[in-house]
Each structure stands twice: as structure tokens, then as C-alpha cells.
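Reading through the C-alpha cells given below for one structure.
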Amino acid sequence: QVQFVESGGGLVQAGGSLRLSCAASGSTFSFNSIGWYRQPPGKQREWVAAITRGGLTDYPDSVKGRFTISRDNAKNTVYLQMNSLKPEDTAVYLCYGRNEDVYQWGQGTQVTVSA
């Protein structure tokens, strides 16, 4: 089973940027899509970004134009570049791999955006 390890979280001021990394223990091509969710404190998990095996990307309106997902197939790593961060982006960010309705999750990395 492929394991995911996220990194790159931290504390940043509003308007700043962070790049999250999700390193997989095996090939990311074993999944139909790879992506990110986030869980703000006391709130439900929210989908943030996805990239398919073929390289198509998608985002919700809340992050479109600010966040960019990409992948390095040679390193089995997926990245999330986050720009123009807002305090409401504060959350634990979790990487996932998906095949149909089956998800494989990472442990998450904390992102805190101060006003």
C-alpha cells in the first residue's frame, strides 16, 4: 500500500506563499487522481485540488487562481503551491490518492495564516 508523507506547512502572514509537498512511497500512477483536502479547526474536511493520472487539474472556486497543484513523476511527489494566502486558508492539509471511491490518506501538515 502506498503511503503519503506531507511536508512544507508552517506559519505565514496573509498574502504570503507556501509550497506543500506530498511524497509517495510508491508510484503515484497507481491512483486515478492525487490531490489535497484541508480541514480547518472545528470544520468539515474540504477538497482543495486534484490532478489526474493524465495531468488534468481541478480546484474549487475558493482557491482557484491562488493554488496550483503539480506532480513530479520521477520523484513520486505532488506539490501544492499556495499564493495570496488568507487567514481562512488556515487548516491541516492532507494529501490523498483516489481510485473510484477508495481513498488513501496522508497524516497532514498544518498551515496557519496570520492576519
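The values are calculated or read from the model by the stated rules, or taken from the named source; none is laboratory data. Just so you know, these numbers come straight off a predicted model, no measurement behind them. Using ideal geometry, Cβ is built from the backbone for each residue, glycine included, and neighbour counts are taken over all protein chains shown. Remember, those area values only see protein heavy atoms, side chains included, never the ligands or the DNA or RNA. Shrake-Rupley method; radii C 1.70, N 1.55, O 1.52, S 1.80 Å.
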- Collect the residues in region 27-43 that are of a type in the set (Gly, Ala, Ser) and surrounded by 13 or more Cβ atoms within 10 Å (Cβ to Cβ), keeping them in residue-number order. SER30, SER33, GLY35
- Message: Quick check on GLY16: is it at pLDDT 95 or above and either open to solvent by 50 Å² or more (accessible area, probe 1.4 Å) or not in a loop (DSSP other than H, G, I, E, B) (or both)?
- Response: no
- Task: Considering each of TYR59, TYR93, TYR79 in turn, give the residue that is open to solvent by less than 20 Å² (accessible area, probe 1.4 Å) and either at pLDDT below 95 or not β-branched (Val, Ile, Thr) (or both).
- Result: TYR93
- Checked region 36-84 for anything in contact (Cβ under 8 Å) with a residue 60 or more places away in the chain and at positive phi; matches are SER84
- With the checklist (1) modelled with pLDDT of 95 or more; (2) open to solvent by 20 Å² or more (accessible area, probe 1.4 Å); (3) closer than 15 Å to TRP105 by Cβ; (4) of a type outside the set (D, E, K, R) in hand, flag the one item CYS22 doesn't pass. (2)
- Note on the structure: Picked from region 2-13 (must be part of a loop (DSSP other than H, G, I, E, B) and either under 12 Å from TYR79 (Cα atoms) or not β-branched (Val, Ile, Thr) (or both)), the residue most open to solvent (accessible area, probe 1.4 Å) is GLN3
